[in-house]
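See structure below.
The values are calculated or read from the model by the stated rules, or taken from the named source; none is laboratory data. For clarity, every value in this text was computed on a predicted model and none was experimentally measured. No Cβ is skipped: glycine too gets one built from the backbone with ideal geometry, and neighbour counts run over all protein chains shown. Heavy atoms of the whole protein, side chains included, go into the accessibility calculation; ligands, DNA and RNA do not. Shrake-Rupley method; radii C 1.70, N 1.55, O 1.52, S 1.80 Å.
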Amino acid sequence: MVKPVNQQKSNKQNLKTILLAVIGLALIVLFFILETQSPTVQLLKPRVSKEEILSQAESYFNQLLADPTDFTREISAETDLNLFRCVQYYKKTNHKFPDLTVGRWKVVWKEKQPSSTVMEEPQPENGFEITFDFSGNLVGFHIKKKSFVVEDTSELSEDDVVMDAKFFLESINIKTQSLITTNRDIKKTDDSTKYKFTLKDKVSRWPHVTDTYVFEYIGGRIASYQWNQVVDLKAIGQTNHVAASAISVILMAITWLTIIGVIIVLFIRKLRRDELEFKRALWIGIVSAVLLFIVIVIRGVRWDDLVSGVLSGLLALIGLLILIPVTESSTREAWAEKLEVIDLLFQGKGALRETGVAILHAFFLTGITVCFFGGLIFVVTSMDIGYLVVRHDMIDAFINLPNALHFILEKIISSLFIGFIFLGFWPGYLKKKIHTNRFLFIFLLALTFNLGGLHRLYFHPPYLGLILVLPITLIWAHFVRKWDMLTVLMSLIGVLFFLDLMLIPLMPDTLFSPPGMAVIIFVGLFFLLGVYLLFRPQSVKDYDSYVPEYVSRIAEKERFLKELEIARGVQMRFLPQRVPEFPSLEIVSLCQPAMEVGGDYYDFIRMNERYMSVLIGDVSGKGVSAAFYMTMVKGIIKTLSKKTKDPATLLIEANEIFYENAPRNVFITIIYGIFDLKAQTLTVASAGHNPLIAWRHRTGKTEIVNPRGMALGLDPGEHYRAIIEEKCIPIEEKDVFVFYTDGVSEAMNTSEEIFTEERLRLVIEEYAHLSPQLLQEKIVQAVSKFSGKAPQHDDLTMVVVKIRSK
């Protein structure tokens, strides 16, 4: 009975998920209803269609007697933001809107350029621009280059030109009785006269708005005309919030710079520790860079557009190569389960039940968010408790296909950066800092969303926006904590997409145009895809968790370090654990491996009360392999020392055994000395090692004891026997003998200079009167001071023996 019960539970959960998505879709529709019913938003609605504007524009264009086949035509729409603020102020103070339209249609004709000029420097263009307001009134036009100008050698007086301009204004139903002429500028050339002047209306039709008409005459005809509605921003109180806006900008900058600073610091730290994976970031970065390049050049392919596109693409690539690896690493440390679906998507296994859940949940969160904003827009503008803020190009999104592509690609790229920073990295970072306090986490995350700039997007003054959007940021913080990263990223794309489409329903026939229908079809298909995947049998539970390469590398490194730690412990146990007590001898020793384990070796062999052997050696190479051969030699010498007290014989036999059992590229240098306290002698043999330095108390000088010899492992035996020798020297009270490896005499500084044997002798001569322990410390200090910040490149081993006074 377990399986049917589980199946029934799963079906209920699926139906709940679908219901949430349906609610989200309904809320998206409600968003468009609410915001389009806002009385302020209605000001942005065109009163004539795009087709009517194009027809009027064509009529003006054809009057210029130009050949349309030589030109391409574009149309766009914009909002006059200052005028938009002014009509909202008028509504707040007079409880009604002035008869003003705040939108502008612009139609541009550009001369067709040969394809060979695409990469050339921009050339002066032939073209024509004409602008209408959303009521279809002519707002301005501009003729580019003289090919549109009919040359006229007749001279017109300034009064004639002004009169002609007024006739023109009368022809487009603008009263001229109250106009005065200002800003006059006259320039004469050999073949024409250029007049530029402004007609200003003395009588304002609407408070705080001044109408000005700017004309430019060339060769006896109008080359440029522009109707400007100049708004007194100070009079309508828009300058009263300068301090609040400045504080808002500062807070936003601090928020962004703080998060970006943390990202950069963590990137450097994790890069040094090899805790980043770049494979996914590289692919996403390349795709984003290409998309950004397309975004920039999609409306123009001239040289400056291409350069700007390439630079922006490279910056996007670099930014994502830093952002994505840090986000992924931080999120895995905080809650790796949030990346499970994304991990499988990158592995080509995205047809999962959880992918469907993510899509449908994204519809729900998107719907809640945009409906919340729609309600705020309706309430704020209906009750006149603040000002609505829109981008000047929001109504331009689906005027034509290039604009639509530009809009879609822009949303994708901006969503990537915002999503990875605020929905990926920052929540994971806060989660690690705030382990258990859920409410503090949600509040701080919501505050970050708000201060990051959300409060500035749609409402003014800034403090009003900060208060209004706080509830939705708290909702988002809750779902960021609850749902996986794929869900919140898709939700962010949906929110940015629909909020920037808020004015599209106001455009005549926009929703039923090819781009508009494409959006409706895409949303429907995406919903159906979510439902289809929801009932897929495959789940993330059917697959092993993804393990990034850097995690495997770190685990391997940790295992290696653990093994090195064990090896070091074994090696150190092979070295003498304490210095032996021996009559008449003071002995100290030191071994500092350059790596975790080393190849230097020293030992003491006490034969009886008369004889004490001291030896020190150095295996070629460093690390684990050197330590291995060091332990081999230790065993060989320990065994042979029981058979002979002759240092040269011992080394000859040790060489034969080592040569038979070690590879040819491995050799060991050793110096071996036997102190005979009865005879008061030291007998020394060397297997190619650094010489023994003896300091004589009687003279206060050092001498070198360097018997001839060859390293173990270089010769099978005959030649070795022929060259090795012993030296027997007398010893006296307070004499000092220093055995050492080349890690001491060949220590290197940052300039790659070596310490040298001569410097070592000078240090010994200066401090040999001290105890062996203090002498050893002085030698180490001298080597360390000489090396400076240079890393230790070889093992440093030393044995100091001093003859006690009787």
| remark: Computed from the beta carbon distance with a Förster radius of 35 Å, FRET efficiency for Q8 and H435 to the nearest 0.05 stands at 0.40
| task | Rank by packing, highest mean first: peptides 417-423, 208-214, 519-525, with packing defined as the count of other Cβ atoms within 10 Å averaged across residues. | result | 417-423, 208-214, 519-525
| message | If you split all Cα-Cα distances of the stretch 651-711 into 5 Å bins from zero, what percentages do you get per bin, shortest first? | response | 4, 15, 20, 20, 16, 10, 7, 4, 2, 0
| task | Work out how much length H95 to L30 would gain on full extension: take 0.36 nm times their residue separation and subtract the Cα-Cα distance, in nm to one decimal. | result | 20.8 nm
| field | Extension gain, C728 back to M383 (0.36 nm per residue minus Cα-Cα distance, nm) | value | 113.3 nm
| If each Cα of the stretch 677-742 is one equal point scatterer, what is log10 of I(q)/I(0) from the Debye formula at q = 0.14, 0.18, 0.28 Å⁻¹? | -0.48, -0.72, -1.22
| query | Per-residue ellipticity at 222 nm for the chain, helices alone: DSSP H runs ≥ 4 residues times -39500 (n - 2.57), over residue total, nearest 500 deg cm²/dmol? | reply | -16000 deg cm²/dmol
| said: Can I get the semi-axes of the stretch 668-806's equivalent ellipsoid? Compute them from the C-alpha gyration tensor as square roots of 5 times the eigenvalues, in angstrom, largest first. | reply: 25, 23, 10
| Roughly speaking, what % of Cα-Cα pairs in the stretch 195-278 are separated by over 17 Å, rounded to a whole number? | 72 percent
| Once both labels are modelled 7 Å past Cα along the beta-carbon direction, what's the T631-R73 spacing in nm? | 8.9 nm
| Surface share of carbon and sulfur [accessible, 1.4 angstrom probe, percent] for the stretch 721-804 | 49 percent
| request: May I ask for log10 I(q)/I(0) of the stretch 236-286 at q = 0.21, 0.24, 0.30 Å⁻¹, from a Debye sum over the Cα atoms as equal point scatterers with solvent left out? | output: -0.83, -0.92, -1.02
| request: Taking 7 Å along the Cα-to-C-beta vector as the label spot, tell me the I704-S620 distance in nanometres, rounded to one decimal. | output: 2.3 nm
| Descending semi-axes in Å of the chain, equivalent ellipsoid built from Cα gyration tensor | 86, 35, 25
| message | Which order do the peptides 371-380, 765-774, 532-541 come out in when sorted by mean C-beta neighbours inside 10 angstrom, highest first? | response | 371-380, 765-774, 532-541
| note | About its Cα centre, the chain carries a charge dipole, from +1 on Lys and Arg Cβ atoms and -1 on Asp and Glu Cβ atoms, whose size in debye to the nearest 20 is 3020 debye
| note | Plugging the Cβ-Cβ distance of R269 and D646 into 1/(1 + (r/R0)^6) at R0 = 56 Å yields, to the nearest 0.05, a FRET efficiency of 0.45
| said: At 7 Å along Cα-to-Cβ for each site, give me the label-to-label distance between R391 and T756 in nm. | reply: 7.1 nm
| said: Among 454-466, 656-668, how do they line up by average Cβ neighbours within 10 Å per residue, starting with the highest? | reply: 454-466, 656-668
| request: Report the relative contact order of the chain, percent, no decimals, based on alpha-carbon pairs under 8 angstrom and at least 6 residues apart. | output: 11 percent
| task | Let me know the volume per residue of the alpha-carbon convex hull for the stretch 437-491, in Å³. | result | 73 Å³
